[in-house]
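Peer 1: Quick one: the structure is below, questions incoming.
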Amino acid sequence: MRRSTPKLALACALASAVAAASCIDPVHADAVAALGPEAAGVREGPTHRPGQPCTVCHGGSGPGSPEFSVAGTVFLTRGADDPAVGVDVVLIAADGSTRTERTNAVGNFYITRREWDPPFPLRVELQQGGTSKKMETRIGGDGGCGVCHRSQARGGGDSRHMPGVFLRDK
């Protein structure tokens, strides 16, 4: 039996590292890095990162788990940072199936892909008490609201994005 030389072991380790690195999507890695660090004092979970594009991390490519089919943040008023707590987010899929999720203490909501994997496009309506607001367009394929909508108060409102999802104009 032949003994492996240190050079052969080093070459195998280097080849393995190159193969592993080739599986990394640099565009996705940049999108995750652009989110920045977690807010101080906020643990990862249902109330972290309000207003950010949830599916960047929870869209199947990681690093977040579980994978979300639809997720986002609802703010109470346009251009403000106040969360809309207890809003029903009604989602209607292309096949007519419907799902309703309620926003939490920071305005976040999510549905895991395991719970519901809807066919796109989706129609969306926000409901709370006597207030109802329908999204004018449909969600075409990425269920992460923050992909298109960005909170202006959180520095994301720009010409490339719609304002954050909001229940009321004022």
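Peer 1: How far is it, in nm, from the label point at Glu125 to the one at Ala34 when both lie 7 Å from their Cα along the line to the Cβ?
Peer 2: In this crude spin-label approximation the distance works out to 3.4 nm.
Peer 1: In a shell of Cβ-Cβ distance under 15 Å around Thr137, excluding Thr137 itself, what net charge do Lys and Arg (+1) and Asp and Glu (-1) give?
Peer 2: Surrounding charge for Thr137 is +1.
Peer 1: Assuming a viscosity of 1.002 mPa s and a temperature of 20 °C, what translational diffusion coefficient in µm² per second does Stokes-Einstein assign to segment 27-168, Rh being the Kirkwood radius over Cα pairs?
Peer 2: In µm²/s, the coefficient rounds to 142.
Peer 1: Between Asp169 and Glu115, what is the FRET efficiency for a Förster distance of 35 Å, r being their Cβ-Cβ separation, to the nearest 0.05?
Peer 2: With R0 = 35 Å, the Cβ-Cβ based efficiency is 0.65.
All of the numbers you see were taken from the coordinates with simple rules; none came from a lab. As the structure is a computational prediction, the values presented were derived from the model and not from experiment. Note that each Cβ is placed from the backbone with ideal geometry, even for glycine, and that neighbours are counted across all protein chains shown.
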